[in-house]
Structure formats: structure tokens, C-alpha cells
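Structure first, then comments.
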Amino acid sequence: MARRKESAPGPEMQEFLARVPEPEELCEVLSAEPELPNFGRGELIRLEAELKKAIAESSPKSVADVAYFLANELLIQGDIDRCVEVLETALEIASKSGTPNQVKRLTRSLGIALMRGGETQHCIQEHHSDSCLFPINEKGRWPDKSFALAAIEQFEAVLALTPKDAGVRWLNGIVHMTAGLYDEAATTNSVIPLRAFESEVTVPAFRDVAPILGLAESRDLAGGAIVDDFDGDGRLDIIVSSLRMCTPIEYYHNDGAAGFSDWSDVSKLSDEVGGMNLVQADYNNDGRLDLLILRGAWQRKWGQQRNSLLRQNEDGTFTDVTKDAGLAKVAYPTLGASWSDFDLDGDLDLFFANERLSQTTFSPVELFRNNGDGTFTDITKDAGIENNRNGKATAWGDYDNDGDPDLFLSNCGQPNRLYRNDGNGKFTDVAPELGVAQAEPNNSSFASWFWDVNNDGWLDLYVGGYGAKSIKDIAADYIGVHLQGERMKLFINDGKGGFVDRTKAWGLDHARVPMGANFADFDNDGFLDFYLGTGGPYFEMLVPNVLYKNVNGERFVDVTASARVGHLQKGHGIAFGDLDSDGDQDLFAQMGGWYTSDTFPNALFENPGSDHAWIHIRFVGVNANRSAIGTRLTMTIEGPDGERQLHRQVSTGGSFGGSSLQQEIGLGTADRIVKLHVDWPGGLQGQEFSDLPLRTRVTITEGQDDFVVEALAPIQWPE
């Protein structure tokens with residue numbers, strides 16, 4: 001018995017999608033259609049009937065096969081009791097007349113279902129700040145151990161047959177932790193030793209304050225997240241989305257010491273639905289941040305959902321201007337998009353990295369030039385940009401330091417692209433010759449960005465691999481056995497216009513299945529760190545999100561365990577920003593999986609801080625784009641060990657999640673900023689500032705010699 005393959009849309013649906021329906025129209029249609037993947041219960045109904053038939057016909061093989069797929073569908077719909085019942089019935093039949101492999105597969109599935117029951121009860125319904133943080137400590141243990149003990153019984157039975165199964169040892173270890181039995185199990189080799197997760201470098205622990213601040217009340221599937229100041233009051237707000245087509249956008253306004261208020265309705269963002277990713281920018285240079293919603297990702301032929309460009313109005317409300325802007329003529333499934341002034345004319349242009357529609361049909365990428373009047377023109381063909389691949393992430397950066405931004409495109413399943421900006425609106429793909437086209441043999445590239453990890457003034461490139469076959473690949477990697485999991489890649493700029501693969505030397509030769517990902521300097525030492533929101537669609541894919549610390553611009557070390565940010569649930573939109581105005585970058589993680597019931601509350605990890613100095617800078621473009629995206633800065637600082645330089649590029653950070661455009665720069669042990677050199681894209685060149693104050697925020701406006709100090713009082717969130 002094979003799982004039903006996804007069918008193509010019928011003629012009426014094809015006609016409906018072809019006319020590019022409004023998001024709310026699509027929501028209504030998808031909600032009413034029981035057969036659509038991840039929206040209805042058509043598959044569940046079919047499999048229930050098939051199981052009944054197999055039992056009546058006394059066919060052990062059919063029962064085992066149908067029960068396996070039906071159990072997964074029941075988990076998708078959140079019916080754990082029925083899932084367990086189906087698996088127990090099938091196991092009883094298979095244990096008498098089935099094969100050992102059937103028994104093992106069903107037993108493993110039953111363990112996963114029971115584990116999911118415990119997750120639902122303790123991590124979701126009884127959610128608190130220590131829920132599902134790995135390694136699970138005493139506060140994170142499940143008060144009711146019944147699900148954990150039952151799951152342990154099943155996993156131990158599988159390990160009795162295949163004792164070296166790293167994936168089952170991993171899952172067995174998690175449920176042993178939830179029951180407080182890990183130390184005992186570690187002596188039997190039925191779990192993965194904790195030393196595999198220990199932090200080589202210890203950092204202070206973060207605290208998830210989302211439950212305390214009311215940010216964990218709603219539960220979403222995978223979606224986008226932005227941390228930025230949308231109302232211009234000086235404090236950073238939070239906006240999140242969900243891939244579920246009928247879920248409204250949520251806007252949490254930062255009220256200071258009072259916490260966060262839900263501004264979704266007053267801003268009219270609650271009128272907007274769906275979106276697996278969000279990107280912010282001031283596209284019309286009016287001084288207010290606007291919002292781009294990306295839709296349809298991962299849904300193949302059902303993913304022809306149009307994106308939405310939302311203009312922020314003077315009163316703080318948002319209006320969908322997609323049609324007026326010329327961006328709603330066609331609809332492709334889109335997960336990645338990025339803003340940049342590639343032609344240096346003072347306004348932001350827009351690139352879409354669209355996904356494939358099927359195994360053999362690819363959506364075109366799109367490059368839109370900003371006309372400066374609120375509209376855009378598609379110049380993809382004239383620019384020489386062609387992909388015909390499965391685009392996932394996109395990032396702009398001037399990798400060759402020639403003054404104009406270049407474009408990287410991460411393709412999942414095919415070689416990546418690096419489009420060199422040749423000027424005059426033309427681009428050339430130089431990825432093959434620069435060695436960044438093929439990140440891995442399977443090339444399952446995903447999250448990507450430009451950054452300067454060693455502070456040498458040349459932008460480096462991160463490419464996250466998303467090709468793990470199962471939990472076994474990730475578990476094996478943690479214990480030092482490389483299976484089929486796709487590795488991350490770090491390409492260091494050689495300063496000559498090329499790149500060198502330094503993944504192993506920097507300690508990143510690992511499979512971590514990151515979806516959401518972003519970078520920041522969380523410990524204010526002057527070197528950029530990064531955080532990965534990990535996971536996959538399957539319920540067994542419980543792997544911790546990962547925090548990597550940059551050690552002196554020479555290597556990365558995993559500090560997840562000591563930082564207490566190893567969330568086990570699925571992480572997607574990741575955004576950094578100083579939400580409590582105390583000088584360090586807090587971490588917001590939009591949590592949730594792909595399947596209907598795999599929802600989870602979001603997390604806001606409060607940074608415990610350090611003794612390092614810092615400065616926050618808001619850049620305001622005049623001749624350059626107002627958001628100052630693409631602005632390059634070089635800061636010379638002085639401390640006990642002498643002078644050194646820091647290099648930054650104004651951007652929202654990683655691919656899936658938007659960090660604040662405010663530059664939050666750690667200064668380490670510096671006691672003085674000697675000089676700040678600013679290069680505005682397409683604007684004034686070589687502005688320099690001195691005597692910048694430490695531990696405060698300043699605003700620098702293009703063309704003005706003076707800066708404005710705008711210090712905010714730190715917020716003390718409740719314990």
C-alpha cells in the first residue's frame with residue numbers, strides 16, 4: 001500500500017489560481033476543500049476505510065502498512081488517542097503473523113505517538129518558560145510521567161532489535177529526560193550521552209519570557225518573524241505570521257515596562273492572512289517601515305498564493321498596495337525575498353526567490369526595479385537573471401567591495417547562484433567559478449546570508465544545508481558519525497573577489513537542519529554569532545535549536561546547552577533585537593511545524609547580558625534609501641589590548657526572520673570609539689564621525705555632520 005500522491009488541481013481550481021485570487025478568497029476556498037494537503041481530512045477518511053477493509057480481510061501486511069500511514073495522518077490532525085489505538089491494534093496483529101520489520105516500524109511509531117501525547121500535554125497545554133528546552137532540566141520535566149514511561153517501553157523494544165539505531169536512542173533520551181530517568185538510562189547505552197551536547201564554552205543562560213509577557217498565548221504553524229520599531233517610538237516591536245492561509249498577522253507593540261500590547265486590529269494587520277515569511281523595509285522612503293508577506297512555500301501546485309506588499313500609513317495602519325505597485329500580476333510559491341538598492345538610485349528594489357511548482361516545473365525568479373513613485377517594473381530578463389531552480393533564500397551583499405550590491409540565491413536541490421552586479425542593470429552568475437554553487441553533494445541549500453565573521457572588511461557567506469533524511473542523521477552527527485545529513489557551509493571571502501570553504505576549520509561541519517536562522521552579536525564581544533531554528537515536518541524531528549558563538553573571529557562553538565536556548569519544537573522565523581533596551585540583543589523565535597496540529601507558542605529569550613561595551617546606531621538615508629539598507633560601516637575601537645576594527649552591513653540579517661535594521665554593535669572591552677566610517681549606498685561616500693558615546697543609541701542622518709543621542713531607559717521584565 002502506498003501513500004496517495006499529491007494530485008494536481010482540477011480545472012476549476014486551476015482557473016481560480018490563474019486569476020491570482022485575493023488571500024482571503026484563497027483562505028475560504030482552501031478551508032472548504034477536504035482533499036487539499038494539510039488543510040482537510042480527506043486522506044484520513046480514506047485510510048480509515050482502508051484499514052477497516054484490511055482487518056476484515058485478515059491481511060497482516062496490509063493492516064501494518066495502512067496503520068502506519070493512518071497513524072501519521074491522525075497525528076497530523078492531532079487525534080493522539082485514536083492514533084495510539086490504531087497502532088496498538090496493528091501491533092497486536094503484526095506480532096502474531098507479521099514480519100519483524102513491520103513490528104519494529106509500528107513499535108517505533110507508537111513510541112513517537114506517545115511522546116507526542118506528552119508534548120501536547122506538558123509543552124503546549126501546560127506551557128511555561130522551561131518547556132521543551134534541551135537538555136531538559138528539572139523544571140522542564142513532565143509532572144505526569146505516564147506518556148513518557150509508555151514511550152520509553154516502545155523505544156526500548158525497538159532498541160532490543162536494533163541497539164545501534166541513533167535516531168531511536170535520541171528519542172529515547174528525550175523521553176527519559178522528561179521523566180527524570182536520563183542518568184539511569186545513560187548506563188545502559190540506550191540514550192545518547194549528554195557529553196555530546198555540552199557547551200565547549202560556557203555563556204550565561206537566557207530566559208524565555210514569552211509566557212510572562214503574553215507572547216506565548218497564541219500557537220502557530222511555521223511562519224515569519226520581525227523585530228523592529230514599526231511605530232517610531234524608539235522601542236522594538238514584534239510581528240509574526242503563520243503559513244496557515246487563514247491565520248491573521250499578529251503585531252505586538254512594545255509598551256516598555258508594561259510589556260506588549262496586541263496591535264493586530266488597530267494596525268489592520270489582522271486583516272491580512274497567511275505567510276511563511278515576512279520582510280520589512282521602507283520601500284517608499286516616507287520614514288515608516290512597510291511589510292512584505294510571502295506565501296505558498298512548500299505547497300507545490302497548491303502554492304500559487306500571491307504575496308502582499310503592505311504600506312504603512314501615517315496613522316500606523318497598513319494597506320495592501322500589491323496591485324497598485326505592480327506586484328500582483330502573477331502568483332508563485334515564495335519563501336525568500338530581499339530588498340536592496342541594486343542600481344544605487346536611492347530607493348529599494350525587490351528580488352523574489354520563487355520555489356518550484358512541482359518536481360519538473362520551476363517558477364521564475366523576479367527582480368523588480370523601484371520606479372520611485374510607489375510602483376515597480378519587472379526587469380528580470382533585461383538584468384540577465386535566470387534561475388529555473390528551487391529558490392529558497394536570497395541575500396544581497398557587496399562581496400567584491402566595488403560599491404554595488406551583489407545577489408546570492410540559495411537553491412534547494414540544485415546549484416546555488418551568485419549574481420555579480422556588473423552595473424547598468426546587468427548581472428552575471430559567478431557562483432561556479434567562485435566555488436559557492438555546490439554547497440553539498442545533494443545541494444540541499446537553505447538559509448543563507450552575507451556577513452563579516454572575521455572583521456576584515458570583506459563579506460563572507462553562510463549557507464545552511466537542509467538535507468537530513470531523518471532524526472537518525474542528526475543524532476548520528478552529534479555523536480560524531482556522519483550519515484546523510486546535509487552540512488552547513490561557511491565561505492570566507494579571500495579579499496580578492498573569491499571565497500574559500502572554511503567550514504571545517506570554523507567548527508561548522510555539522511548537520512543541523514536549520515529553517516529559520518539569523519545572526520547577531522549576542523555577547524557584545526564584537527564578533528557575529530548565529531542561531532538556527534531547526535526541525536522538519538515529521539513529528540519525530542525533535543532537534544534543539546542551536547546557538548553558535550564566534551570565538552575571536554576564528555571559529556564557532558556550540559553554546560546551546562549553557563545558554564538554555566535549545567528549543568526542541570520546530571523553529572522558523574528567527575529575529576534578534578534589543579527589545580528591553582538594555583544594550584544586548586534578545587532573541588525571538590517563531591515556533592511551529594508544518595502539519596495541522598504541530599503548532600507551538602513562540603519564544604522570546606531574554607539576553608542575560610555581559611560586561612562588554614556597546615552602541616546602537618540608527619541610520620537614516622537621504623540620497624540613499626531611507627532604511628539605509630546596504631550601508632557599510634567600519635568602526636575603529638580602542639581598549640586595553642589596543643585598536644581594532646569592526647565591520648557591519650545594514651540588513652535584516654538572515655533569510656527567515658528579520659532582525660532590527662538598527663545596528664546593535666558590541667564593542668567588547670573597548671573604552672573608546674576612535675572613529676566611525678560610513679559608506680552610504682549610492683549616496684555620500686566616506687562620512688566619518690568621532691567621539692561617539694558608549695552604551696547608548698545614536699541616530700546618524702546622511703549628510704549631517706552631527707549625530708543625535710537617543711538613550712532609552714532599560715526595561716525590567718518581571719521574574
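How far is it, in nm, from the label point at Ala18 to the one at Trp717 when both lie 7 Å from their Cα along the line to the Cβ?
Reported label-point gap for Ala18 and Trp717 is 5.0 nm.
Between Lys323 and Ala196, what is the FRET efficiency for a Förster distance of 35 Å, r being their Cβ-Cβ separation, to the nearest 0.05?
E between Lys323 and Ala196, to the nearest 0.05, is 0.10.
Describe numerically, in nm with one decimal, the distance between label points set 7 Å from Cα along Cα→Cβ at Glu153 and at Asp315.
Using points 7 Å along Cα→Cβ, the separation is 6.2 nm.
Are there cysteines in the chain with no second cysteine's Cβ under 4.7 Å away, and if so, which?
Cys83, Cys412
Which of the listed residues, Phe619, Gly287, Tyr419, is farthest toward the dipole's positive end in the chain, when Lys, Arg count +1 and Asp, Glu count -1 at the beta-carbon?
The one lying farthest along the dipole's positive direction is Tyr419.
If we sort 660-666, 264-270 on the protection proxy, mean other Cβ atoms within 10 Å, highest first, what's the order?
The most tightly packed comes first, giving 660-666, 264-270.
Of the heavy-atom accessible surface of segment 171-266 (probe 1.4 angstrom), what whole percent is carbon and sulfur?
Solvent-exposed carbon and sulfur of segment 171-266 make up 48 percent of the total.
Subtract the Cα-Cα distance of Ala205 and Ile479 from 0.36 nm times their separation in residues, and report this length gain in nm to one decimal.
Between Ala205 and Ile479, full extension yields an extra 96.2 nm.
Considering the dipole of segment 178-254 built from charges on the beta carbon (Lys and Arg +1, Asp and Glu -1) around the Cα centre, which of Val201, Leu243, Val191 is farthest to its positive end?
It is Val191, whose Cα lies furthest towards the positive end.
Would you compute, from DSSP H runs of 4+ residues alone, the mean residue ellipticity of the chain at 222 nm, taking -39500 (n - 2.57) per run and dividing by the full residue count, rounded to the nearest 500?
Calculated mean residue ellipticity at 222 nm is -6000 deg cm²/dmol.
Using the heavy atoms of the protein chains and a 1.4 angstrom probe, tell me the accessible area per residue for segment 137-296 in square angstrom.
Result: 37 Å² per residue.
Hey, if you put +1 on the Cβ of every Lys and Arg and -1 on every Asp and Glu Cβ in segment 567-715, which of Ser581, Ser660, Pro714 ends up farthest toward the positive end of that dipole?
Towards the positive end, the residue furthest out is Ser660.
List the GluC sites (Glu not before Pro) within segment 160-244 that DSSP assigns to loop and that have no more than 16 neighbouring Cβ atoms inside 10 Å.
Sparse-neighbourhood loop GluC sites (Glu not before Pro): Glu198, Glu200, Glu217.
Report the extension gain between Ala258 and Asp509 in nm, rounded to one decimal, defined as 0.36 nm multiplied by the number of residues separating them, less their alpha carbon distance.
Working: separation 251, 0.36 × 251 = 90.36 nm, distance 4.32 nm.
Contour length minus Cα-Cα distance gives 86.0 nm.
Is any residue of segment 525-566 close enough, with backbone N under 20 Å, to a label point placed 7 angstrom from the Cα of Glu643 along the Cα-Cβ axis, and if so, which?
Label zone hits: 526-527.
For a quick protection proxy, order the peptides 562-573, 161-172 by their average other-Cβ count within 10 Å, most packed first.
Details: 562-573: 26.8, 161-172: 20.0.
Taking the mean over residues of other Cβ atoms within 10 Å, the ranking is 562-573, 161-172.
List the lysines whose Cα lies under 30 Å from the Cα of Lys496, skipping any in the same chain that are fewer than 8 positions away.
Answer for Lys496, where 30 Å is the Cα cut-off: Lys381, Lys392, Lys426, Lys504, Lys549, Lys675, listed by chain and number.
I need the calculated FRET efficiency for the pair Lys52 and Glu25, taking r as the beta carbon distance and R₀ as 41 Å, to the nearest 0.05.
Details: r = 37 Å, r/R0 = 0.90.
Efficiency at R0 = 41 Å is approximately 0.65.
Per-residue counts of other Cβ atoms within 10 Å, averaged by peptide: what ranking do you get for 232-239, 426-433, highest first?
Numbers: 232-239: 20.2, 426-433: 16.4.
Order by mean packing, descending: 232-239, 426-433.
Using label points projected 7 Å from each Cα along Cα→Cβ, tell me how many nm separate Ile45 and Glu92, to one decimal.
Roughly 2.8 nm, to one decimal.
Need one number for segment 620-719: average projected area of the convex hull over its C-alpha atoms, nm².
Result: a mean projected hull area of 8.2 nm².
Looking at segment 38-71, which chymotrypsin sites (Phe, Trp or Tyr not before Pro) are in a loop (DSSP not H, G, I, E or B) and have at most 13 other Cβ atoms within 10 Å?
none
Considering only protein heavy atoms and a 1.4 Å probe, what is the carbon-and-sulfur percentage of the accessible area of segment 74-132?
46 percent
Which whole-number percent is the relative contact order of the chain (Cα, under 8 Å, 6+ apart)?
Rounded, it is 12 percent for the chain.
Give, in nm to one decimal, the length gained when the segment between Asp231 and Thr162 is fully stretched (0.36 nm per residue of separation minus the Cα-Cα distance). Can you show the working numbers first?
Working: separation 69, 0.36 × 69 = 24.84 nm, distance 5.70 nm.
Taking Asp231 through Thr162 to full extension adds about 19.1 nm, to one decimal.
With all protein chains present, how much of the accessible area of segment 429-535 (probe radius 1.4 Å) comes from carbon and sulfur, to the nearest whole percent?
48 percent
Quick check for me: using +1 on Lys/Arg Cβ and -1 on Asp/Glu Cβ, what's the dipole size of segment 612-717 about its Cα centre, in debye to the nearest 20?
The dipole magnitude comes to about 340 debye.
Roll a 1.4 Å probe over the protein chains and send me the accessible area per residue for segment 415-468 in Å².
30 Å²
The values are calculated or read from the model by the stated rules, or taken from the named source; none is laboratory data. Quick caveat, the model's predicted, so the values are computed rather than measured. FYI the Cβ positions are ideal-geometry reconstructions off the backbone, even for glycines, and counts take in every protein chain you see. All accessible areas refer to the heavy atoms of the entire protein, side chains included, with ligands and DNA or RNA removed. Shrake-Rupley method; radii C 1.70, N 1.55, O 1.52, S 1.80 Å.
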